[in-house]
């Protein structure tokens, strides 16, 4: 009792010695609790999540396991000193250090979560991924995540240290606006590159058309995209221009549609006219990788009776498509010659009055 009474009378910074003993007890108990959590509970959770089929729980447990013990110590220390009445300067320093450790761990956790989401997105994509592009984009995104988190963390630390952050935020806003205006085109291309990479309207190797330009995508950079045109030269197009334009992506074709119109002469017998759709259907259906759609007597032309034919080629290869179309055209020409069906061509008949 004498010791307790002495501790009650002993004071430093308006705290009695008993208060310091209680704070020390809180620190020790908290450290023991964290040690039990890391050594027993967390180890049991690690063994449990290994038996599950989900990968998300593995990521969460891994992030918790990677938290440094120094962070647990500062958390326990902050819990202990919160019980005491400390001078404002000391309280701000302790709060600032605690905020630094928490922000550091939050940034590490956010980076690991970003990596998990990023890899999950890539694993679900059935498209080819350029490794250089992946590394560049992931680096940019990770930098942006860290920049935002450290900005908020720095503001929190300065606020806990008693710094007036109102003018600082205003200055950062004005400075950020000036930088954004100065780098408007660069930032526009950068965000366009991120949009292309995340949304994937096309990828490396796809054959695309932008207006009158056509070619295969060779590289998607942070500012420009390189396209190899069909005539051999390299086209360098800004990413902002690509996101603003209408892009035709021929690389996503599963099959190609063939549609053509042919005309036969007036004066052909109606029986022959009725046979034409069946003749063309039989020609198309006997060729591999084709799916016949329709053939109709479409219209009366100025010098021909017009038939429209549509069929599909089950291949995304343009050469295969053209080979099949050529084969169809040749066989139509041969069958029409055998059936004495004449193709029409532009003619005019002039009647002269006597």
(message) Using a Förster radius of 25 Å, what is the FRET efficiency between residue 330 and residue 273 based on their Cβ-Cβ separation? Nearest 0.05, please.
(response) 0.70
(message) Could you give the length gained by full extension between residue 281 and residue 33, i.e. 0.36 nm per residue of separation minus their alpha carbon distance, to one decimal place?
(response) 81.3 nm
(message) Given a Förster distance of 45 Å, report the FRET efficiency between residue 337 and residue 316 from their Cβ-Cβ distance, rounded to the nearest 0.05.
(response) 0.85
(message) At a 10 Å Cβ-Cβ cut-off, how would you order 44, 195, fewest neighbours first?
(response) 44, 195
(message) Please compute the modelled spin-label separation between residue 152 and residue 43, points set 7 Å along Cα→Cβ, answer in nm with one decimal.
(response) 3.5 nm
(request) Pull out the extension gain between residue 266 and residue 253, defined as 0.36 nm times the separation in residues minus the alpha carbon to alpha carbon distance; nm, one decimal. (result) 0.8 nm
(message) Using 0.36 nm times the number of residues separating residue 293 and residue 351, minus their current alpha carbon distance, what extension gain do you get?
(response) 16.7 nm
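Every number here is computed from the coordinates shown, using simple stated rules; none is lab data. Note that the structure is a prediction, hence the values are computed from the model and not measured. For neighbour counting, all protein chains shown are included, and Cβ atoms are generated from backbone atoms with ideal geometry for every residue, glycine included.
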